[in-house]
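Accompanying notes for the structure given below.
What follows is calculated from the coordinates using simple rules that are stated; it is not laboratory data. Remember, predicted model here, so these are calculated numbers, not experimental data. Cβ atoms come from the backbone with ideal geometry, glycine included; neighbour counts cover every protein chain shown.
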Amino acid sequence: MNSHIKKDDQHIVLKYFRLIDEKDLPGLLNLFTEDCTIYEPFSRGLLSNEGKTKKPLKGRNEIESFFHIVMMASDGLQHELEFVCSSIEHTRQVGDTGISTSSSVVSVLATFYGNEGGNKLKQKLVFHIVAEQKRDTLDKMSRYGNDKDINNETRRIERLYVHF
């Protein structure tokens, strides 16, 4: 594994694949932000207004059916993962709260194959991972100031790009 990738980000990506293997749809959906976006090339043929690119899946409701298909298609397949790009850090402001949150981009090359070996399918996945603020925590922080005991963020997948 690429040692330049943050351990938290690596953990999220590995958990993503483990939850697909375990067919844990609620756990998988919980890895994503509420307003997440998935860009994938093989389902939903809807095109954008320009007619050149497909519309992404947006939000947990839309990505749920996509992951049902992913879980069925990956049943019985083995996979190898190679982290091919180190995390790229970004910082952004969360509304007008005065709180900034970090995000990173992690690229993974996944190779899928059956138990007998044979045909292999390679896929590149690009995960955009953000620190998502908990609403109740923001409320507590505004009422009580900077309390060291309050965990003020969780990391979730905001965007996922799937390439073949």
>> Less than 15 Å Cβ to Cβ from Tyr113, Lys/Arg counted +1 and Asp/Glu -1: what total charge do the surrounding residues give?
In response: -3
> Quick one: net charge of Leu29's neighbours, Cβ under 12 Å, K/R +1, D/E -1?
Replying inline: -2
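How much net charge surrounds Asn61 when only other residues with a Cβ under 13 Å from its Cβ are counted (Lys, Arg +1; Asp, Glu -1)? Numbers along the way, then the final one.
Working: positive: Lys58, Arg60; negative: Glu34, Asp35, Glu62, Glu64.
Net charge around Asn61: -2.
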> Once amide H atoms are built 1.01 Å from N in the peptide plane, which residues 5 or more positions from Lys55, or in another chain, come under 5 Å H to H?
Replying inline: Leu46, Leu47, Ser48
